[in-house]
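Inspection log for the structure reproduced underneath, given as structure tokens.
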Amino acid sequence: NGSIFTFFDYIVWSGDLNYRINGNRSVIDKVLSLKMEEVLRVNDQLTIQRNLGKVFQGFIEHPISFPPTYKYCSNSDEYDTSKKRRIPAWTDRILYHCIERREKREILIENYSSIQEVRMSDHRPVISTCFVRCGGDEQRDQRRRRTESSSAVCVVQ
């Protein structure tokens, strides 16, 4: 039928998806100062659209446990102080989809985070470490996790 799901067993979608957090800047600043991250996550536009089934149907995103990664002042830890005072948001995201065929397949996410120390842009980089499991050999996967520091080899076409 031409769907991307027909051609691939694993799909990882990452990039600047440009979704924002609903609210105004003064409210978002207050929520950030009070460290009420759950309020921000509930008002995240991508999460809202996914829950409504409008975008990225069948994709999974590991829970966000890092501060919004956009819109910083360059070379600073402050959010936008320009006239526009853009609302901080998680615009950079990583979502994945796994097709189960004959054998058990899944993507195991070890971490999903941002690198706050990289300040060259108005975005903070977002990273994720994942393992691809085929066939459901959980003991082998546990051994591999203890002995390897990087993810399984993946080919992106």
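The values are calculated or read from the model by the stated rules, or taken from the named source; none is laboratory data. Since the model is a prediction, treat every value here as computed from it, not as a measurement. No Cβ is skipped: glycine too gets one built from the backbone with ideal geometry, and neighbour counts run over all protein chains shown. The area values use the complete protein model at the heavy-atom level, side chains included, leaving out ligands, DNA and RNA. Shrake-Rupley method; radii C 1.70, N 1.55, O 1.52, S 1.80 Å.
Applied to the stretch 115-122, the Karplus parametrisation 6.51 cos²θ - 1.76 cosθ + 1.60 on θ = phi - 60° returns per-residue 3J(HN,Hα) values of 9, 5, 6, 8, 10, 7, 9, 7 Hz, with x for Gly and Pro. Once you have the alpha carbon radius of gyration of the stretch 1-110, what is it after dividing by 2.2 N^0.38 Å, with N set to its residue count? So the stretch 1-110 has a normalised radius of gyration of 1.27. Only Lys, Arg, Asp and Glu carry charge here, each on its Cβ (+1 for the first two, -1 for the last two); on that basis the stretch 24-102 has a dipole of about 300 debye about its Cα centre. Taking label positions 7 Å along the Cα-Cβ direction at both K35 and I4, the computed distance is 3.7 nm, reported to one decimal. Each of W13 and T129 was given a label point 7 Å from its Cα along the Cα-to-Cβ line. The distance between the two points is 2.6 nm. Normalised by the number of residues in the stretch 1-115, the mean separation of alpha-carbon contacts (under 8 Å, six or more apart) gives a relative contact order of 37 percent.
Exposure check, 1.4 Å probe, all protein chains in place: Y96 carries approximately 30 Å² of accessible surface. In terms of distances greater than 27 angstrom between alpha carbons, the cross-link table entries K54/K83; K30/K54; K35/K83 yield K54/K83; K30/K54.
In terms of the mean number of neighbouring beta-carbon atoms within 10 Å, the peptides 55-62, 73-80, 42-49 order highest first as 42-49, 55-62, 73-80. Equivalent ellipsoid of the stretch 1-55: semi-axes from √(5λ) of the C-alpha gyration tensor, largest first, are 32, 11, 9 Å. If you take all other residues with their beta carbon under 15 Å from the beta carbon of P68, and give Lys and Arg +1 and Asp and Glu -1, the sum is 0.
How about the stretch 1-36: which trypsin sites (Lys or Arg not before Pro) there are in a DSSP loop, with at most 13 other Cβ atoms within 10 Å of their Cβ? Those satisfying the criteria are K35.
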